[in-house]
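A short write-up of the structure that comes next.
The values are calculated or read from the model by the stated rules, or taken from the named source; none is laboratory data. Keep in mind the model is a prediction, meaning the values are calculated, not measured. Cβ placement follows ideal geometry from the backbone for every residue including glycine, while neighbour counts extend to all protein chains displayed. Remember, those area values only see protein heavy atoms, side chains included, never the ligands or the DNA or RNA. Shrake-Rupley method; radii C 1.70, N 1.55, O 1.52, S 1.80 Å.
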Amino acid sequence: MKTSTFFTWFWILYLPFCILFYDRAGYQYIDELMTLGLVLFSFIKKTSGRHIKKEIYTYGILMIFYVLYSLVMAINVSAAVYLDLQQQVRPYCIFFCTYLLAPTFTKKQQKIILYIYIVAIAYFLFGFRFGVENATIGQACFQCGLLYIFFWGDKKKHLFIGVLIVTLGLLSGKSKFFGEYVMFIGLIFILKNKFRLDNLLTYMQVGVLLIAILFFTWYKFNAYYVEGFQEDSASQMMARPATYTTATTIIFKDYIPFGSGLGTFATNAAAQYYSPLYYKYGLSNIWGLYPEDPMFLADAFFPTLAEFGMVGIFFFLWFWIRRYKEIDKIDNFLIYKIALMCMLALFLEGTADTSYLSGKGMGYFMLLAMALRGSYVTKKRMIIINDNHNLNENDKISPTNRH
């Protein structure tokens, strides 16, 4: 099977079944199966991108260490360790495999993907979820809009169609999406140059963008991250502030430097196999973190870094600093914006959602890899063309090459 055909089917299945209709019976494991399929396809298919393979090996060694560390620490049962492992590696498998395969699509394939996405979103909205507050539609519209612009955003009319698709996500009614929408509009229409960390204008732009995001999300932000932290102890807080507060205790005080280990804190595995840490830190009595109904236990991504400690945070930052440097090298300014938004959307959602580790985040990692890899392939191809051109010129003028 051609790489383009494989990824066409991958994208076709992704948004309807990994985001929009994921919670319906029979679809619960499709994201895991799709990830496994992508990994297997990467093994049997010839790939390029050797410059990133050392990073892949480093990540593999790191995760093997954390599995062994978690089993030795034995804070939670081994089943929780293995369940958490497959969720933790999913986003990086998606990114690395997509990066190595560097898929491209024909216009026909692009149209098929986008047509199915738009039909799926319309069915979701008007079929049975219209007017109901639901984060799912916001995530689907945001990713669909990004993909549309990635494929077709070379003209203004296509740019506005992409914006319209993202705008439909406002029907989700979620303040988190309002923040993402402000970011999207700001980067698409206001940002005129790449961010430069040594430029005062960059800090002004970032400041204005953050103020705008906080303005539209202040109610929830204040409830969770201002007033939510004003209690004397974590056991008296709401679920999310308590989770963040306890995570800092785990990282910087009780489990230095490697964290508490896989399956122990703020993840789906820690909920399914209720982690003893929630009894230890007095969190088991907080509504939403009860052992019998831990519906808010896996409620944000960033607290999950407590499982990896300071060492894990170092490698997390190392990964994203490398991605940012690659994003900064993208020549096409629109693709630069899309890649940047994939990164920022994962961070924004990570404050109040676990999309980073779930099927809902897979699209961001795929699209980011496509943007970065496409830029790299284009540059490499241009270097080869220029080298061949120079070689031909030398052949014409060099006396040693004449016979």
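Taking residue 18 as meeting all but one of (1) part of a loop (DSSP other than H, G, I, E, B); (2) surrounded by 13 or more Cβ atoms within 10 Å (Cβ to Cβ); (3) in contact with a Phe, Trp or Tyr (Cβ under 9 Å, 6 or more places away or on another chain); (4) at pLDDT below 95, write down the number of the exception.
(1)
Checking the conditions here, which among 98, 104 is within 19 Å of residue 14 (Cα to Cα), at pLDDT below 95 and polar (S, T, N, Q)?
104
Read through the list (1) under 18 Å from residue 362 (Cα atoms); (2) in contact with a Pro (Cβ under 9 Å, 6 or more places away or on another chain), then give the number of the only condition that residue 139 fails.
Here residue 139 meets the rest and fails (2).
Does region 108-129 contain any residue that is part of a loop (DSSP other than H, G, I, E, B) and over 15 Å from the mean Cα position of the chain (by Cα)?
Checked against the condition, which is being part of a loop (DSSP other than H, G, I, E, B) and over 15 Å from the mean Cα position of the chain (by Cα), region 108-129 yields no hits at all.
Among (1) at pLDDT 95 or above; (2) more than 30 Å from residue 254 (Cα to Cα); (3) surrounded by fewer than 16 Cβ atoms within 10 Å (Cβ to Cβ), there is one condition residue 128 misses while meeting the rest; what is its number?
Against the list (1) at pLDDT 95 or above; (2) more than 30 Å from residue 254 (Cα to Cα); (3) surrounded by fewer than 16 Cβ atoms within 10 Å (Cβ to Cβ), residue 128 comes up short only on (1).
Give the residues of region 343-353 that are open to solvent by less than 30 Å² (accessible area, probe 1.4 Å), touching a Lys or Arg at 6+ places or on another chain (Cβ under 9 Å) and either under 19 Å from residue 209 (Cβ atoms) or among the hydrophobic types (A, V, I, L, M, F, W, C) (or both), sorted by residue number.
343, 349, 352
How many residues, within region 27-38, are surrounded by 15 or more Cβ atoms within 10 Å (Cβ to Cβ) and within 11 Å of residue 90 (Cα to Cα)?
4
Given the criterion charged (D, E, K, R), touching a Leu at 6+ places or on another chain (Cβ under 9 Å) and either farther than 23 Å from residue 138 by Cβ or at pLDDT 85 or above (or both), identify the matching residue among 227, 180.
180
Name the residue, out of 176, 157, that is part of a helix (DSSP H, G or I) and over 23 Å from the mean Cα position of the chain (by Cα).
157
May I ask you to list the residues in region 243-297 that are more than 22 Å from residue 312 (Cα to Cα) and either touching a Gly at 6+ places or on another chain (Cβ under 8 Å) or in contact (Cβ under 8 Å) with a residue 24 or more places away in the chain (or both)?
Residues satisfying the conditions are 272, 273, 282, 283, 285, 286, 287, 288, 289, 294, 295, 296.
Of everything in region 356-378, what is surrounded by fewer than 24 Cβ atoms within 10 Å (Cβ to Cβ), touching a Leu at 6+ places or on another chain (Cβ under 7 Å) and farther than 22 Å from residue 154 by Cβ? Give them in sequence order.
Passing the criteria: only 356.
Sort out which residues of region 63-88 are among the hydrophobic types (A, V, I, L, M, F, W, C), open to solvent by 30 Å² or more (accessible area, probe 1.4 Å) and in a helix (DSSP H, G or I), and write them in order of number.
Those that are among the hydrophobic types (A, V, I, L, M, F, W, C), open to solvent by 30 Å² or more (accessible area, probe 1.4 Å) and in a helix (DSSP H, G or I): 64, 65, 68, 71, 72, 73, 79, 83, 85.
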